[in-house]
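Trainee: Quick one: this structure, given as structure tokens, is what I'll be asking you about.
Just so it is clear, none of the values below were taken in a lab; they were calculated from the coordinates. What you see is a predicted model, and the numbers here were worked out from it, not measured in a lab. Backbone-built Cβ (ideal geometry, glycine too); neighbour counts: all protein chains shown.
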Amino acid sequence: MSHSPSAGRDPVTAGAPAPPRLPWDGVLARRLARHGLAGPLRDSGPADCAGVLCGAHAQVMSAAELSLGLRLDGVTRDAVRTALWEERSLVKTFGPRGTVHLLPAAELPLWTGALTALPTGRNALSPGARLTPGQTDAVVAAVADALRDAELTADELTEAVVAAAGPWAGDLVMPAFQGMWPRWRQALHTAAHRGALCFGPNRGRKVTYTSPQRWLPGFRPAAPADSLARVVSRYLHAYGPATPGHFARWTAVPPGWAADLFGTLAASGAVEPVEFCGERAWVTAGDTALPGDPPRGVRLLPYFDAYTVGSHPRARAFPGRAAGRALARGQAGNFPVLLVDGLAAGVWHQRRSGRRIDITVEPLGPLSAAHRRELGEQAERTASVLGGVPRLTTGPVSAGPHA
């Protein structure tokens, strides 16, 4: 499947009948149910849950553990860790947008196939600091060779890549935190997308990387075109209806390229248009049924929870004061979110001391007695997943957004 950036036009079939209109409340209720937020996902484990979400964000590992645990019956962070490091039914790698995710190990061929099909985004580095395509290929080959039978820290992997590719790979040209990273690390997420790298268990406080072959013997990325179509279908199942612009934001690709992609999928009958929140959006073909009940429930979603990151339109999902309080420069995920009836309705923060977990919730509006009872239950559930004892208070949250 080949796509090139265009002017970002919306794929519309000329002369087609008016698409069905999907109401906001019905879509919210469906998203909550599909995300395991209306009730626990049935007959599912951590890997199944990660598949439903199109990956659990793992920039903050404890947040990923909570994201999965709160959607499943009786699952704690220890169960997520067992699935990741012992059973290896989960894999920690770079997913959409080059950000760290937990994905089902069995679906890694699908995801690497799809991610390699995405166009690369704008490179913010100066021209002299960037990798050429040939250098990128050399780095990925060096990474694959170094990790084939090893778990290496970033420093150890740097030594191996420089030895194999040449001194240029180690040039300190990438601004990072309080220092500079070597040139080759621009290709870190590319190596993961091509199936050469995933995360290994931490060595003390140090991150390690290893080969996905050690999780899935015989692994290799699936065919890109078919994989990309399947990932779009999964994305629309979890987050739809969605516009090409929403998908572009979720994958960090040019909007015009996403519009061309949706046009191709519409022409093949894989997706169909609907009217949603006053604009044309898309669902997987035939997926227009909605629950009869309205969206209900109080949830405490952690940093970078997939539901908040993927929720659009932002103005509807983060209404009123939530847009200023629960988003960081329009970006979702940087604050843990209090979710009330499917909408962002506040922020929260947790601080741990031994087994005690102090949970402070800042609602942005009044909570009913029923909502307060549910909030207490959610605090208990959060502490249960994290293996602690909760102490819940409501009031201002002073912690700023996570980077």
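Trainee: Report the trypsin sites (Lys or Arg not before Pro) located in region 163-211 that are in a DSSP loop and have at most 11 other Cβ atoms inside 10 Å of their Cβ, or state none. Could the numbers behind the result be given before it?
Mentor: On the way: sites: ARG183, ARG185, ARG194, ARG203, ARG205, LYS206; in loops: ARG194, ARG205.
Of the trypsin sites (Lys or Arg not before Pro), the ones in loops of region 163-211 whose Cβ has at most 11 other Cβ atoms within 10 Å are ARG205.
Trainee: Dipole size in debye (nearest 20) for region 243-324 around its Cα centre, Lys and Arg Cβ +1, Asp and Glu Cβ -1? List each step's numbers first, then the result.
Mentor: Working: 7 positive and 7 negative charges, 86 e Å.
It works out to roughly 420 debye.
Trainee: Separate question: Region 73-124: which GluC sites (Glu not before Pro) are DSSP loop and have at most 16 other beta-carbon atoms within 10 angstrom? Present the calculation step by step, with values, prior to reporting the outcome.
Mentor: Details: sites: GLU86, GLU87, GLU107; in loops: GLU87.
Those satisfying the criteria are GLU87.
Trainee: Still on this structure, please answer the following. Starting from the 7 Å offset along Cα-to-Cβ, what nm value, one decimal, do you get for the label separation of THR120 and PHE177?
Mentor: Distance between the two pseudo-spin positions: 2.5 nm.
Trainee: Most fluctuating residue of VAL337, VAL389, VAL100 in a GNM of the chain with Cα springs under 10 Å: which is it?
Mentor: The residue that fluctuates most here is VAL389.
Trainee: May I have the extent of the alpha carbons of region 138-234 along their three principal axes, as whole Å values ordered from largest to smallest?
Mentor: Answer, in whole Å and largest first: 41, 26, 25 Å.
Trainee: Explain nothing, just the number: dipole magnitude of region 299-394 about its Cα centre with +1 on each Lys and Arg Cβ and -1 on each Asp and Glu Cβ, in debye rounded to the nearest 20. Numbers along the way, then the final one.
Mentor: Details: 14 positive and 7 negative charges, 43 e Å.
Value, rounded to 20: 200 debye.
Trainee: For a distance above 17 Å, tell me the whole-number percent of Cα pairs in region 299-394 that qualify.
Mentor: Details: 2107 of 4560 pairs.
Above the 17 Å cut-off, region 299-394 has 46 percent of its Cα pairs.
Trainee: What is the magnitude of the charge dipole of the chain about its Cα centre, with +1 placed on the Cβ of each Lys and Arg, -1 on the Cβ of each Asp and Glu, and no other charges, expressed in debye to the nearest 20? Write out the running numbers ahead of the final one.
Mentor: Working: 42 positive and 32 negative charges, 177 e Å.
That gives the chain a dipole magnitude of about 840 debye.
Trainee: Please name whichever of ALA383, GLY395, THR210 sits farthest to the positive end of the charge dipole of the chain, dipole taken about the Cα centre and charges placed at Cβ: Lys and Arg +1, Asp and Glu -1.
Mentor: Most positive-ward Cα: GLY395.
Trainee: Mind putting together the pair-distance distribution for region 31-214? All Cα pairs, 10 Å bins, whole percent per bin, short to long.
Mentor: 9, 35, 33, 17, 6, 0
Trainee: On to the next question. Helix-only mean residue ellipticity at 222 nm, the chain, DSSP H runs n ≥ 4 weighted -39,500 (n - 2.57), per residue, nearest 500. What is it?
Mentor: Working: 15 runs with 142 residues, N = 403.
Computed ellipticity for the chain at 222 nm equals -10000 deg cm²/dmol.
Trainee: Could you list which residues have their amide H under 5 Å from that of GLY346, counting only those 5 or more apart in sequence or on another chain, with H placed in the peptide plane?
Mentor: LEU338, LEU364
Trainee: Of the trypsin sites (Lys or Arg not before Pro) in region 71-179, which ones lie in a loop per DSSP and count no more than 11 other C-beta atoms within 10 Å? Please list the in-between numbers first.
Mentor: Numbers: sites: ARG71, ARG77, ARG81, ARG88, LYS92, ARG97, ARG122, ARG130, ARG148; in loops: ARG71, ARG88, ARG122, ARG130, ARG148.
The qualifying sites are ARG122.
Trainee: Any idea how far apart ASP43 and ARG21 come out in nm if each label point goes 7 Å out from Cα toward Cβ?
Mentor: Between ASP43 and ARG21, the simple spin-label model gives 3.8 nm.
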